[in-house]
1. Given a 1.4 angstrom probe, I'd like the percentage of the accessible area of the chain that is carbon and sulfur, rounded to a whole number.
2. Run the numbers for H107 and L25: contour at 0.36 nm per residue of separation, minus the present Cα-Cα distance, in nm.
3. Using a 1.4 angstrom probe and counting only protein chains, how large is the accessible area of T24 in Å², to 10?
4. Go ahead and estimate [θ] at 222 nm for the chain from helices alone: -39,500 (n - 2.57) per DSSP H run with n ≥ 4, summed, over the residue count, rounded to 500.
5. Indicate the gyration tensor shape class of segment 67-134 (rounded, prolate or oblate), computed on the Cα atoms with a ≥ b ≥ c the square roots of the eigenvalues: a/c under 1.5 is rounded; otherwise a/b larger than b/c is prolate and the rest oblate.
6. Given a Förster distance of 25 angstrom, what is the FRET efficiency for L10 paired with Q96, based on the Cβ-Cβ distance and rounded to 0.05?
7. I'd like to know which of W32, S104, T126 lies farthest towards the positive end of the charge dipole of the chain, counting +1 on Cβ of Lys and Arg and -1 on Cβ of Asp and Glu.
8. Would you work out if the chain is rounded, prolate or oblate? Take a ≥ b ≥ c from the square roots of the eigenvalues of the alpha-carbon gyration tensor; rounded if a/c is under 1.5, else prolate when a/b is larger than b/c, oblate otherwise.
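The values are calculated or read from the model by the stated rules, or taken from the named source; none is laboratory data. The structure presented is a predicted model; accordingly, all values stated were derived computationally and were not measured. Note that each Cβ is placed from the backbone with ideal geometry, even for glycine, and that neighbours are counted across all protein chains shown. Keep in mind that these areas ignore ligands, DNA and RNA; they rest on the heavy atoms of the full protein, side chains included. Shrake-Rupley method; radii C 1.70, N 1.55, O 1.52, S 1.80 Å.
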Amino acid sequence: MMNAMEEQSLPYDVFAKACPSRGTLEHVTGRWGALTLGALQEGSLRFNELRRRVDGVSEKMLSQTLQALERDGLVHREAQPTNPPRVDYELTPLGQEVAERLLSLIHCVEGRMDSVLAARAKYDETRSPCQKPR
């Protein structure tokens, strides 16, 4: 963890509109980016293995996500000169660090879903259009 002094000395500010860190944060925290990084934290995967692991992602979205993460230096793509071509994806050391932090958040959310679902039900109950006047 960084202390307040270290945070103030960082040359990037994700809250600033033009800061390049904002784009990387979007790539990492977007639905497909987070799930892709989490899946690759388990180890190297081929494209179709990754697509099966990240249930619901389209081929196009996975391809775009992998390109963005590769460009940001989080994912390494290795193409083997075989017939048919074999392409493997794995996390870089930076990607590994980011994925570990993401998985910590994912596990926190998964572990607290009973509370989340209870809060949703309470919220929906109080916002019901058929709510009787008291």
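1. Reported share for carbon and sulfur atoms: 53 percent.
2. Length gained between H107 and L25: 27.6 nm.
3. Surface accessible to solvent at T24 totals approximately 50 Å².
4. After summing the helix terms and dividing by the residues of the chain, the value is -17500 deg cm²/dmol.
5. Judged from the Cα gyration tensor, segment 67-134 comes out prolate (a/c at least 1.5, a/b above b/c).
6. It comes out at approximately 0.75.
7. Final value for the positive-end residue is T126.
8. It is oblate, given that a/c is not under 1.5 and a/b is not larger than b/c.
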